[in-house]
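Below: one structure, written as structure tokens.
Readers should treat all values here as calculations from the given coordinates under stated rules, not as data from a laboratory. Keep in mind the model is a prediction, meaning the values are calculated, not measured. For neighbour counting, all protein chains shown are included, and Cβ atoms are generated from backbone atoms with ideal geometry for every residue, glycine included.
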Amino acid sequence: MALAHFLVFLLLGTMPLLFSSAEIDSDVVISRLYCGPNNFLRCIFDVGAHEHVSVWEKGIQNRSNSGSPLGVKTMKTGKTPDKCKFLNLNELKMSLFMKTSSPLEPDRNVIDVFLAYLTEAGEVGVNYGRVADNLPDPAKVTQLLRDNGITMIRIYDTNSEVLTSLANTGIKVMVMMPNEDIAAAAADPSYALQWVKKNVAAYHPTTQIHGIAVGNEVFKWRPELNLRLVPAMTNVQAALTRLGLADAMKVSTPIAFDALKESFPPSAGRFKDDIAQPVMKPMLDFLQRTGSYLSVNIYPFFTYVNQQPGTIPLDYALGNPNPGVLDSHTGLVYYNLLDAELDAMYHAMEALGRQTGARALKASARSAGPARGVVVKISENGWSSKGKVNKGMPRSRKLLDAGDAASIANAQSYNNNLIKRILSGNTGTPYRPDANLDVYIFSLFNEDKKSADPDDTENHFGLFYPNMQKVYEFTPSVFKLLSPLTFIFTFDRSSYSK
């Protein structure tokens, strides 16, 4: 039979690809995936009339240099060809998950090819803030998200129009209980229950709500609510349990990085005294008990622009190549400011006597006794592309020159460095080398009402202008895969007997 060539462009962020019998012969089955040397992924394509994938499992298992199989099992009853097409995907940390109909039926076989990132890799989302008067409507924003392969967002409320527009898209969303509702939710479990019914259960699962943030930076902006924060989180969690949603989403609360009284060197990281024992310790207990995570808003940008001049090199803050900074207490060398700030948070958590992150996960794997550890997720992170920095308390703030920090070039460098790193699976830190990490980039749009002064850097953190044009290119298209890939599937069916 003539040589059949199948050219499939697995472009970034595409929906599952469907191949009907008109495009692929029914006896051609993608049967096995192997992970080869240097963690390369290799696909083996077999031809056999009776061979099909019998079990479809997500996940990577037993990677080794000898080529261990991924979590896709096969059942073989036909002959295995002596020639297979290997596709070297280099070090792109992604996997293909495949399933076929069973048994195979000529002219009716459909193969769904699903793209997903490796479970070891973190996930990148975007904060969809709406503190502006010139943004596109939510339906257009949802299409913008899909067009750019953005699959995870965080919003700062439970806006009905936004949540409805996200229905049936597969885009994961973290919603937020406003700070103003915390006191009532803490005082009255029935209030928390009604809030969850109205603002979460009413949309799930059509809209894929996967997290609830109880407030945002409460310690910083509403300190009078500090002691009510964990009770509010507890009542929201109880409401999820009562409604059968506790396995579908997690409850957390984003804290500002300035919840730390010390952050350098990273090993000196400690929470402020007024929140350490009264709030953070019970919060970490809650997060560990519920299998949730600590959400932290971390901005190396603001650390850099607020430094004593000459203290922090720009390349170190951006994550560009640099000589590194030594933590003399641990002997660990840090090559970007974000890692140093993350490890300061881990050290602060440990100072409260709580096992965290990868270390606790390893401990729980050795024994059924220890509870799971608390990992850190970055709920806000980004770099401004323009403007001056507001310094001082809210009522006395004034704009000061940010020097060379706030620029399109620096914002592009920082965010692309970050996103490529996360999607490549390089999510660990010097102190937590095995830690996973999810990140939400702030923000989707430039928001013109974040500050009354148009020159404030707060108004210029967006990846897009309000007209939905990019502020700068994501090079490569980092929200999808690390680069466009072309897979050429070549089968010579005449060389195989059936």
Item to complete: Please quote Rg/Rh for segment 224-331 to two decimal places, taking the Kirkwood radius as Rh and restricting both calculations to Cα atoms.
Response: 1.08
Worksheet, complete the sentence: Inter-part gap, Cα centre of segment 207-250 to Cα centre of segment 316-344, in whole angstrom, is 32 Å
Worksheet item: Which peptide among 264-277, 172-185 comes first, and what is the full order, when sorted by highest mean count of other Cβ atoms within 10 Å?
Response: 172-185, 264-277
Worksheet item: In Å, what Rg and Dmax follow from the Cα atoms of segment 272-344?
Response: 15.5, 43
Response to the item:
From the cross-link list 377/450; 197/272; 272/388; 198/388; 250/470; 250/386, the entries with a Cα-Cα span beyond 30 Å are 197/272; 198/388; 250/470; 250/386
